[in-house]
Amino acid sequence: MGSETSGADVWTGEDGEEVVRLRRWRGTWPKDDPHANFKSDVVGYGLLDPLLTLRGMSRNLDIPVGAIARYVLARWATGGSGGLLEIGPVMVHRLWEPVARAESAGTDEERLAAYHQLRQMLSWLKLPLDNPDLYPPQAEDRVTDGRTASGRAAD
């Protein structure tokens with residue numbers, strides 16, 4: 001399959017910190033691989049040199065390249081859990097329900113119905129983002145005598 005997973009890419013440096021080797025990967029995978037899109041992205045993005053950007057950021061921000069690389073990796077790697085925290089487990093289950101129902105039915109008609117239901121749910125969630133004046137200001141945002149309920153001066 002061309003897959004190479006080796007512990008040789010991570011080791012412990014003299015200072016006790018882990019060191020990661022950045023490598024390009026040109027693996028192969030079967031057509032029905034459920035992770036084919038991700039693997040294709042790994043190959044495609046592997047053609048780029050992320051150190052060009054990281055070095056520029058390091059120079060401009062006065063932050064070590066390794067610290068920025070650690071931040072980028074940690075932020076990306078925890079993106080799923082961060083998204084779950086933002087949207088909440090209840091909403092994740094609500095959004096997943098039409099998909100599960102459609103996959104259980106296994107028909108294109110049910111999948112299309114699930115798409116329409118998800119589109120409606122997402123448009124409802126997105127409504128206040130598109131129309132910020134839709135809802136009245138919350139108590140902490142209301143202005144009385146030039147100050148908000150939290151005591152800060154109104155703009």
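The values are calculated or read from the model by the stated rules, or taken from the named source; none is laboratory data. Since the structure is predicted, the reported quantities are computational estimates derived from the model, not experimental observations. When we count neighbours, we look across all protein chains shown, and the Cβ atoms used for this are built from the backbone with ideal geometry, even at glycine. SASA here: full protein model, heavy atoms, side chains in, ligands and nucleic acids out. Shrake-Rupley method; radii C 1.70, N 1.55, O 1.52, S 1.80 Å.
Tabulated data for the structure shown
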read-out	value
Residue match in the stretch 80-95 (condition: aliphatic (A, V, I, L, M) and at pLDDT 95 or above)	yes
Members of the stretch 4-22 found to be part of a loop (DSSP other than H, G, I, E, B) and either at pLDDT 95 or above or surrounded by fewer than 10 Cβ atoms within 10 Å (Cβ to Cβ) (or both), listed by number	THR5, SER6, GLY13, GLU14, ASP15, GLY16, GLU17, ARG21
LEU52 open to solvent by 100 Å² or more (accessible area, probe 1.4 Å), without any contact (Cβ under 8 Å) to a residue 60 or more places away in the chain and assigned to a loop (DSSP other than H, G, I, E, B)	no
Residue list for the stretch 23-46, restricted to those being open to solvent by 70 Å² or more (accessible area, probe 1.4 Å) and farther than 21 Å from ALA69 by Cα	ARG26, THR28, TRP29, LYS31, ASP32, PRO34, HIS35, ASN37
Residue match in the stretch 59-75 (condition: of a type in the set (Phe, Trp, Tyr) and closer than 30 Å to MET121 by Cβ)	no
Residue among ALA74, ALA67 that is among the small types (Gly, Ala, Ser) and under 19 Å from the mean Cα position of the chain (by Cα)	ALA74
